[in-house]
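Right, one structure below, let's go through it.
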Amino acid sequence: MQSNRKGRDGSHHPDRNEQFEFINASAEEFLERGWPVISVDTKKKELIGPFKNAGREWQKKGEPVEVNMHDFPDPELGKVIPYGVYDIGRNEGWVSVGVSHDTAQFAVEAIRRWWRQMGRRAYPTAPEMLLTADGGGSNGSRVRLWKLELQRLADELGLRLNVRHFPPGTSKWNKIEHRMFCHITENWRGRPLISRLAVVELIAATRTAQGSSLHAELDETDYETGKAVSEEQMRSLAIERCDFHGEWNYSLSPR
């Protein structure tokens, strides 16, 4: 069923509740079969160095932590980009801490690392995986490189990858936001992120509301921005679009 609701640009968009129900139904089906359902997203970039971090942290009297008055990036330390993978069924998480650019290659590499380190042991016989993601950013529904890299991952793992995107303005529906990222933010509140290692350690020390731990790893790869994907590469994709808004709901099978 297609929605007749129109966006501001005059184009048709699915009703947000209908899309959410479709995502939820897909997730329930996979979870009932014991197949992996993951929620993915990029957490906001963080400056590395003695910078003020929102929140309060108790210190000994007379021993405050000194931080810079400005927030200009340190030319040597730079910033980090945490990309998270949250396993909805097992309430476990993985974070790849990038140091260059938030690209589709970086996003899919984070999923690959999660699978190698956690996913394949938890789901050794699963033939398919469900990914829920925002509609924009490095994992956006219109990003060609995202689809191409997912196809390569499907080929490599021998898994059918099913993707569901959330409508614009509904990123908070993505479970990774309130089941994982919020706990990371709470864990390092008031603490300057003085090094890349400190970020990895603080993430790894985070516990979710149900007590599960997170795993984190530094990804020091220099990801190139602006990579073009040709029409020929797009035609090579083994992509199948769902009847219900295939631009947001589709699957990529191993070639």
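Restricted to helices (runs of 4 or more DSSP H) entirely inside the range 163-253, those with at least 2 residues that are under 17 Å from the mean Cα position of the chain (by Cα) are 182-187, 196-204.
So that you can scan it fast, the table gives a plain yes or no per residue for (1) surrounded by 12 or more Cβ atoms within 10 Å (Cβ to Cβ); (2) in contact (Cβ under 8 Å) with a residue 60 or more places away in the chain; (3) touching a strand residue (DSSP E or B) at 6+ places or on another chain (Cβ under 6 Å):
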| residue | (1), (2), (3) |
| --- | --- |
| Glu201 | yes, no, no |
| Thr208 | yes, yes, no |
| Ser212 | yes, yes, yes |
| Tyr223 | yes, yes, no |
| Lys227 | yes, yes, no |
| Glu231 | no, no, no |
| Leu237 | yes, yes, no |
| Asp243 | no, no, no |
| Arg255 | no, yes, no |
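Go through (1) within 21 Å of Gln19 (Cα to Cα); (2) part of a loop (DSSP other than H, G, I, E, B) and name the single condition Arg90 misses. Failed condition: (1).
Kindly establish whether Gly78 is over 27 Å from Lys172 (Cα atoms), at pLDDT below 95 and either within 23 Å of the chain's Cα centre (by Cα) or among the acidic types (Asp, Glu) (or both). Let's see the steps before the verdict.
Numbers: over 27 Å from Lys172 (Cα atoms): yes; at pLDDT below 95: yes; either within 23 Å of the chain's Cα centre (by Cα) or among the acidic types (Asp, Glu) (or both): yes.
When the stated conditions are applied, Gly78 passes them.
Restricting attention to the range 149-162, the residues being buried (at least 21 other Cβ atoms within 10 Å of the Cβ) and either modelled with pLDDT under 95 or over 23 Å from Phe22 (Cβ atoms) (or both) number 1. Checking Gly140, Gly135 one by one, the residue that is modelled with pLDDT under 95 and touching a Phe, Trp or Tyr at 6+ places or on another chain (Cβ under 7 Å) is Gly135 and no other.
The values are calculated or read from the model by the stated rules, or taken from the named source; none is laboratory data. This structure is a prediction, so every number in the text was calculated from the model and none was measured. Reconstructed Cβ throughout: ideal geometry from the backbone, glycine too, with neighbour counts over all protein chains shown.
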